[in-house]
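Below you'll find the structure, written out as structure tokens, and then a few comments.
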Amino acid sequence: MADSSKYIFVTGGVTSSLGKGIISASLAKLLQASGYSVTIQKLDPYINVDPGTLNPYEHGECFVTNDGAETDLDLGHYERFLGVPTSQANNVTTGRIYQSVINKERRGDYLGKTVQVIPHITDEIKEHIQILGKRNEYDFVITEIGGTVGDIESLPFVEAIRQLKWELGARALVLHLTLVPYLSASGELKTKPTQHSVKTLLEYGVQPDILVCRTEHHLGAEIKRKIARFCNVSSNAVIESIDASTIYDVPLLMQQEKLDEVVLEKLGMTRIETPNLDVWRSFLKRLKNPTIEIKVALVGKYVELKDSYKSIAEGIIHAGAQNECKVSVKWIHSESIDASNVDEQLADVQGVLVAPGFGTRGISGKIAAVKYARENKVPFLGICLGMQCAVIEFARNVLDLRGAHSSELEEECPDPVIHLMNSQKEIEEFGGTMRLGAFPCNLSEDSTAFRTYQQEQIFERHRHRYEFNNEYLAQFEANGMLATGINPDGGLVEIVEVEDHPWFVGVQFHPEYKSTVVEPHPLFTSFVRASTECGVVAK
Ligand code: GLN
């Protein structure tokens with residue numbers, strides 16, 4: 001069957017960080033609410049094949065899909081807004097494109113030809129954009145181009161869009177996101193940066209169809225008309241995107257601005273259904289009208305850049321709304337916490353979350369935070385490395401295995417309670433070689449995990465090389481740390497719990513990747529609820 005999907009390309013101008021991901025996700029949400037199936041793809045102009053090898057300080061969190069792709073954090077927004085899983089096809093980098101072209105060249109696919117940016121690289125980009133449309137699953141494919149128009153590295157992507165727009169004709173449109181800055185000295189909104197940014201796009205042969213303008217103040221009809229006139233777009237296609245108190249307001253703001261209507265009109269389509277955003281609205285109502293307030297600590301080593309823990313922070317927000325509870329996060333740098341100050345640092349929190357991570361930096365702080373939560377019976381959620389720290393802490397302080405550690409952190413330690421998975425022993429390359437993606441996990445009855453999920457088998461996403469060392473399992477269980485979630489195929493311990501504790505759960509997987517607005521993750525919801533029962537502050 002021929003590809004009949006409509007393609008919407010989202011570019012950005014003036015500055016980075018205008019929120020192309022949120023605009024793309026909001027538009028997708030509105031089209032989905034109008035009865036259409038939608039997917040969103042991100043094109044990233046960097047040379048890394050995927051962001052899996054990037055330090056989180058560079059680009060924030062690495063998001064993991066069900067099929068085990070390590071991707072840009074914007075895919076997390078797409079899933080949280082749409083509630084539809086993404087996959088490797090939803091994130092393409094320059095590195096992946098070049099790798100594929102170079103592999104083809106080595107295979108002899110272009111034999112005799114000079115391999116060039118145009119047409120070979122641009123063809124490869126066009127092919128990757130259309131992979132999703134050709135599946136015939138989606139009415140709309142929204143493709144967001146990372147970076148800012150005018151950047152050298154995003155040029156081949158912009159050129160591919162120019163060609164595709166020409167080839168697809170009425171099936172494609174370009175939405176350009178810009179900034180309309182407010183100059184407080186003169187009290188004016190300025191349209192010139194938007195005009196220049198559209199000119200840059202025009203130089204590359206791309207005429208945007210819709211302009212979404214980020215602004216701190218309402219644009220007003222006059223400014224919209226002015227932008228329309230200078231940029232060759234209809235004035236109903238100049239959409240204001242005013243700063244919002246939460247990203248989850250943006251779909252409703254875009255609906256007020258009729259972004260979805262303009263898109264459908266330009267693509268010659270009508271709504272299948274009257275958009276129903278009741279569930280979304282009731283989420284926002286709970287989010288904005290909490291009845292109680294708690295504070296939870298998030299202990300991690302990348303806390304200076306909150307995007308490093310994007311999905312965790314959003315998972316906490318979803319769970320807070322579900323419990324009608326405002327959850328403030330106390331971000332604690334794991335290198336700033338130790339046995340001497342942990343009581344003081346954690347005295348005002350009702351829950352402790354120890355974050356994922358790699359390497360030794362900040363480990364003793366994470367272990368000190370676990371010990372505090374376990375001994376003081378404060379609700380605890382340990383994710384991936386956070387779970388591994390909980391196992392190490394229990395081994396050292398309850399089992400009295402003083403030299404217990406993870407072999408990632410001390411290779412020759414006397415008691416490697418966390419050790420390298422067998423499947424990892426032969427692997428030498430770093431990129432894309434961890435245990436990645438969704439795996440099944442069977443839950444023991446009569447556990448916090450089972451009470452939380454209300455299911456015997458769950459599927460959660462993983463991203464790690466090390467695991468619980470089953471040689472120590474009997475010793476742990478005899479002393480009160482139970483393995484309550486086990487991978488049915490290889491017997492890997494995926495969840496640990498401390499018996500004599502109101503809520504202490506460590507998970508080897510990453511629940512944060514699966515929390516969405518419509519379906520907050522049960523583990524986060526349950527963790528927040530347990531924390532509300534631990535010294536709640538009434539609003
Ligand atoms: N560094 C640990 C491992 O590889 C944990 C990884 C993580 O927290 N994502 O097993």
- DSSP beta bridge pairing in the chain, given as percent antiparallel to the nearest 5: 35 percent
- Note on the structure: Given 117-128, 353-364, the highest-first ranking by average Cβ count within 10 Å works out to 353-364, 117-128
- Item | Whole-Å semi-axes of the ellipsoid equivalent to region 79-182 (Cα gyration tensor, √5λ, descending) | 26, 19, 14
- Task: Please give the net charge around residue 358, taking every other residue with its beta carbon less than 11 angstrom from that of residue 358, where Lys and Arg add +1 and Asp and Glu add -1.
- Result: +3
- Roughly how many whole Å is it from the C-alpha centroid of region 476-518 to that of region 369-391? 12 Å
- Query: Please identify the chymotrypsin sites (Phe, Trp or Tyr not before Pro) of region 415-499 that satisfy two criteria: DSSP loop assignment and at most 10 other Cβ atoms within 10 Å. Which are they?
  - Reply: 430
- Counting helices only, and only those DSSP H runs with n ≥ 4, report the 222 nm mean residue ellipticity of the chain as the sum of -39,500 (n - 2.57) divided by its residues, in deg cm²/dmol to the nearest 500. -10000 deg cm²/dmol
- Task: Over 29 Å between C-alpha atoms is what I'm after, so list which of 6/306; 134/514; 366/425 land there.
- Result: 6/306
- Task: Bin all alpha-carbon pair distances of the chain at 20 Å intervals from 0 and give each bin's fraction as a whole percent.
- Result: 21, 50, 27, 3
- Task: Would you please name the GluC sites (Glu not before Pro) within region 241-280 that are DSSP coil residues with at most 13 other C-beta atoms within 10 Å of their C-beta?
- Result: 273
- Item | Packing rank of 305-313, 482-490, 508-516, 216-224, where each peptide gets the mean count of other beta carbons within 10 Å, highest leading | 508-516, 305-313, 482-490, 216-224
- Over the alpha-carbon set of region 53-130, divide Rg by the Kirkwood Rh and report the Rg/Rh ratio to two decimals. 1.07
- Task: Under 15 Å Cα to Cα from residue 113, which aspartates and glutamates show up? Leave out anything in the same chain fewer than 8 places away.
- Result: 105, 123
- Query: For region 222-346, what is the percent of antiparallel DSSP beta bridges, rounded to the nearest 5?
  - Reply: 0 percent
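Quick note: the coordinates plus some simple rules give every number you see, no bench work behind them. From a predicted model like this one, the values you see are computed outputs, not experimental measurements. When we count neighbours, we look across all protein chains shown, and the Cβ atoms used for this are built from the backbone with ideal geometry, even at glycine.
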